[in-house]
Amino acid sequence: MTKLTLGYSPCPNDTFVFGALAQGLIPGAPAFAERLEDIETLNHLVLEGQLDVAKVSFHALGHLRPQYCLLHAGGALGRGCGPLVVARETVEPADLHTLKIAAPGRLTTAVLLLRLFDPRIGVGPRELVLMPFHRIMEATCQGEVDAGLIIHESRFTYPRYGLRQVMDLGAWWEEETGHPIPLGGIVARRSLGPELIGAVDRSLRASVEYARAHPEKVRDYVAQHAQELDPEVMQAHIDLYVNEYTLDYGPAGEVAIGELLARAAWAGVVPESDLPLFATS
């Protein structure tokens, strides 16, 4: 049987979610050929149709719906886990549109939230400076940019660079909408068909359940890809981004995702779509 191409990031929450699958610990799961890349690279690989199943930003999903559907398991959605804007000096959020801001990729949900907060940001002479997420804190600290939009484990480590929080975009979203913040989800190519997509979704849920029940079985796999994170930061990352919504978004999660995509479409950031998010119920 031909293996399905599967993409996800080396971040601890993703390797925790996919660790059991990648190590062949889920009986009856479809066969996968894994590819680990940063989230913005994954966004573009899926836009180019190069992966069958992949983790993508919900911002990117807004551009992918004709070809890809969302799986119920494996996503990153929650409260208190949104992207942050940081800077060396005290900055008011209302002034962000005047600053040179580093961002982790044009299709990231972080950039979408920034644009929903203030459509003036990243427009005209103050375009966003795009760079890999792990470079943003150093670039901000050294004065290459005025502020940085940070994601992933940077949330835990930015004080080490002498940076201060300007804004928590996740907290803004929660206050604005009352919903948890959707960050990223797992998509599958619609052409795989409902039966195979359903099998992938069930296997992914089983992988999450296995990792939560037997964290010691995936610990080495997570550490192998954790980019030299210390164990405390690695565990904090997993604890923050792997939660009840990772098993299944449920009604509350689905409403939050729908709200984010609707606001993005209304703002002209992504195309409008009446296609169902999920291929299976």
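Quick notes on this structure:
- Note on region 1-17: among residues that are of a type outside the set (A, V, I, L, M) and out of contact with any helix residue (DSSP H, G or I) (no Cβ under 6 Å at 6 or more places or on another chain), the one that is surrounded by the fewest Cβ atoms within 10 Å (Cβ to Cβ) is T2.
- Complete set of residues in region 1-37 that are more than 13 Å from K55 (Cβ to Cβ) and of a type in the set (V, I, T): T2, I26
- Given (1) surrounded by 18 or more Cβ atoms within 10 Å (Cβ to Cβ); (2) over 23 Å from the mean Cα position of the chain (by Cα); (3) part of a helix (DSSP H, G or I), number of the condition I136 does not satisfy: (2)
- A Cβ distance below 6 Å, combined with a sequence gap of six or more or placement on separate chains, defines the contacts here; from region 75-89, residues that are under 24 Å from R205 (Cβ atoms) reach residues that are at pLDDT below 95 and assigned to a loop (DSSP other than H, G, I, E, B) in the pairs G78/N243.
- Any pair with Cβ under 7 angstrom, 6 or more apart, that starts in region 16-38 at a residue that is in contact (Cβ under 8 Å) with a residue 40 or more places away in the chain and ends at one that is of a type in the set (D, E): A22/E34
- Within region 191-238, being within 16 Å of G75 (Cβ to Cβ) and either in contact with a strand residue (DSSP E or B) (Cβ under 8 Å, 6 or more places away or on another chain) or at pLDDT below 90 (or both) holds for I197, V200, D201, L204, H237.
- Residue pairs whose Cβ atoms lie under 9 Å apart, separated by 6 or more positions or on different chains, with the first residue in region 180-191 and surrounded by fewer than 23 Cβ atoms within 10 Å (Cβ to Cβ) and the second at pLDDT 95 or above and among the small types (G, A, S), are R189/G49.
- Of all residues in region 132-147, those that are at negative phi have Cβ atoms under 6 Å from Cβ atoms of residues that are among the polar types (S, T, N, Q) and surrounded by 16 or more Cβ atoms within 10 Å (Cβ to Cβ), 6 or more apart or on another chain, in M137/S154.
- Search result, residues across region 89-136 that are of a type in the set (A, V, I, L, M) and over 17 Å from L169 (Cα atoms): V123, V129, L130, M131
- Selection within region 41-50 - in contact (Cβ under 8 Å) with a residue 40 or more places away in the chain and crowded, with 24+ Cβ neighbours inside 10 Å: N43, V46
- Residue match in region 156-168 (condition: at pLDDT 90 or above, part of a loop (DSSP other than H, G, I, E, B) and farther than 28 Å from F18 by Cα): yes
The values are calculated or read from the model by the stated rules, or taken from the named source; none is laboratory data. Just so you know, these numbers come straight off a predicted model, no measurement behind them. Glycine also receives a Cβ, built like all others from the backbone with ideal geometry; neighbour counts cover every protein chain displayed.
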